[in-house]
Amino acid sequence: MKNIKNKKIKSQNITDDKLTIFEIEQGDEELTTHSGLALIGALLAKTRIKNRLNKTMSNEQKKPHISNGTVGIAYIGLLCQGKSDFDHIEPFREDNFFLISLNIRETPSSPTLRQRLDMVAKDGQWNNILLEESAELIKKINAPLTPVYLGKENRAYVPLDIDVSPFDNSNTKKEGVSRTYKGTDGYAPIFAYLAKEGYCVNTELHQGSEHCQKNTPEFIAESIRYARKITHKPLLLRMDSGNDSVSNIEICLNNETQVDFIIKRNLRKETPEGWLLLAKNNKDIYCQEREGKKVYYGSMMKYKKELKREIRVVYKITERTSDKNGQIFLIPQVEAETYWTSLPDPPHVIEKLYHEHGTSEQFHSEIKTDLDLERLPSGKFDTNNLVLHFGVVAYNLLRMIGQSTTRMKHVPLRKQAERRRIKTVIQNLITLASRLVSHARKKKLQFGKHSPWFETFKQVYSVCLAR
């Protein structure tokens, strides 16, 4: 009877329309809303970022109170919560858990963070350190890199996707902001992503109006070098038509940086109708997907005089004489997709592989929105370039944590996924509430009794420490 009465009372409380008035008071317990920084700190401990940044102290600095390494680690901790603005560091200056989790002695102020990054951004030395250490960490923890398999032999290639993504910085007077090809004012940084997981191995900030091909051959060579620090498997470079350049293909064919490639061609003065005539004359693979739509697949060799050799061209030509509803066109619609490639596989396989390159748009989105990096925080171009490199480190750290959960069985999400979005990792693991307990020279994180992510967090933390 007692249990029944309790149930009735509980039901009455739920249906009662009277507002519950809470008393607001502050306790003595140390609580944190960002327990996931313990995961970030465990991974950063496996890098030499702090030590290497400390060794870059310039003559101008004269033994600063807060070291370069501390500034760099603190900013990475901030970015891993999806906060990029320098002022966002202020609430963490009195946060004991922020210091303990990232293994730093003091949190820099907003002016210190801004001024230090302005000071060191000019020579680009930090950019190289961040990219190298990020690549070394991915290799050190043996992060899974999912390749693509081709042919009956199941040849494995690790994709290396290089692409430009405009950053909208309209209505600002930041250095380097200009009109992008998307029609907005901003920047046009270039990124290189490795494997299906999309680990970022290289980046470079460009002014918005610069052509996407500017400095791209050098960027490709650098990206290949960073990728090979992580994996020795064959690489497959994929780029879109904005990077249809002989110099890019030359890098791919160079003995030192040799990789296989799929680069979408820019038709330039060629016409889709001309390619359709060629396809019909060559009696290539033809299929009729529906009434009024014909598709031709084929390949040929084209001689490039700059390279003094032939390069394979794969094409897909689509001819539509009516739409899907049966409406007949007065003039047939013709589309032509052509690709430079070093692969020997059938044309439809090459086309499918190239379209998988579009996944990199999702990676751009995660950097721009989930890490809040689209509107970069500084007015100086070099500083924003450095911030973008810090963003690469934070992005990869969160990607590693997210990917470790995909292999766990009891994750409190309905759908199993091959890749966790950065936003999902931040919301569910980084900004997780707990209580910091100090006892017998030990630090403990105590989670709520009904915390759904407790078991997952515990497993991920043990994985981060073990590696």
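Observations on the model:
- Residues that are touching a residue at least 24 places away in the same chain (Cβ under 8 Å) and either aromatic (Phe, Trp, Tyr) or within 19 Å of residue 354 (Cβ to Cβ) (or both), drawn from region 262-283: 262, 263, 264, 265, 266, 267, 270, 272, 275, 279
- The set of residues in region 128-155 that are out of contact with any Phe, Trp or Tyr (no Cβ under 6 Å at 6 or more places or on another chain) and among the small types (Gly, Ala, Ser) comprises 134, 143, 151.
- Test: residue in region 61-80 that is within 27 Å of the chain's Cα centre (by Cα) and not in a helix (DSSP H, G or I): yes
- For region 145-158, the criterion of being open to solvent by 10 Å² or more (accessible area, probe 1.4 Å), closer than 21 Å to residue 222 by Cβ and touching a Ser or Thr at 6+ places or on another chain (Cβ under 9 Å) is met by at least one residue.
- In region 102-126, the residues that are open to solvent by less than 20 Å² (accessible area, probe 1.4 Å) and under 25 Å from the mean Cα position of the chain (by Cα): 102, 113, 117, 120, 121, 124, 126
Each row is one residue, and each column tells you yes or no for (1) at pLDDT 95 or above; (2) touching a Lys or Arg at 6+ places or on another chain (Cβ under 7 Å).
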{"position": "194", "(1), (2)": "yes, no"}
{"position": "199", "(1), (2)": "yes, yes"}
{"position": "214", "(1), (2)": "no, no"}
{"position": "219", "(1), (2)": "yes, no"}
{"position": "235", "(1), (2)": "yes, no"}
{"position": "238", "(1), (2)": "yes, no"}
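- Selection of region 322-332 for residues being outside any loop (DSSP other than H, G, I, E, B) and exposed (fewer than 14 other Cβ atoms within 10 Å of the Cβ) yields 328, 329, 330, 331.
- Residue in region 11-30 that is open to solvent by less than 90 Å² (accessible area, probe 1.4 Å), at pLDDT below 95, under 30 Å from residue 367 (Cβ atoms) and not in a helix (DSSP H, G or I) present: no
- Enumeration of residues in region 427-460 that are free of Cβ contacts under 8 Å to residues at least 60 places away in the same chain, farther than 23 Å from residue 371 by Cα and not in a strand (DSSP E or B): 440, 441, 448, 449, 450, 451, 452, 454, 455, 458, 459
- Scanning region 387-401 for residues that are closer than 23 Å to residue 146 by Cβ and either at pLDDT below 95 or surrounded by fewer than 17 Cβ atoms within 10 Å (Cβ to Cβ) (or both) turns up nothing.
- Which listed residue, of 383, 369, 406, is surrounded by fewer than 16 Cβ atoms within 10 Å (Cβ to Cβ), of a type outside the set (Asp, Glu) and at pLDDT 95 or above: 369
- Residue 259 fulfils the conditions (1) among the aliphatic types (A, V, I, L, M); (2) open to solvent by 40 Å² or more (accessible area, probe 1.4 Å); (3) touching a residue at least 12 places away in the same chain (Cβ under 8 Å) except for a single criterion, (2).
Let's see how each residue does on (1) touching a residue at least 60 places away in the same chain (Cβ under 8 Å); (2) not acidic (Asp, Glu):
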| site | (1), (2) |
| --- | --- |
| 74 | no, yes |
| 84 | yes, yes |
| 99 | no, yes |
| 110 | no, yes |
| 136 | yes, no |
| 163 | yes, no |
| 177 | no, yes |
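- Taken together, 414, 420 contain a single residue that is open to solvent by less than 30 Å² (accessible area, probe 1.4 Å), without any contact (Cβ under 8 Å) to a residue 24 or more places away in the chain and assigned to a loop (DSSP other than H, G, I, E, B), which is 420.
- Answer residue from region 269-284, given it is assigned to a helix (DSSP H, G or I) and under 17 Å from residue 348 (Cβ atoms) and is nearest to the chain's Cα centre (by Cα) among those: 275
The values are calculated or read from the model by the stated rules, or taken from the named source; none is laboratory data. As the structure is a prediction and not an experimental result, all values here were calculated from the model. We place every Cβ from the backbone using ideal geometry, glycine too, and count neighbours over all the protein chains shown. Please note that ligands, DNA and RNA were not included when accessible areas were found on the heavy atoms of the full protein model with its side chains. Shrake-Rupley method; radii C 1.70, N 1.55, O 1.52, S 1.80 Å.
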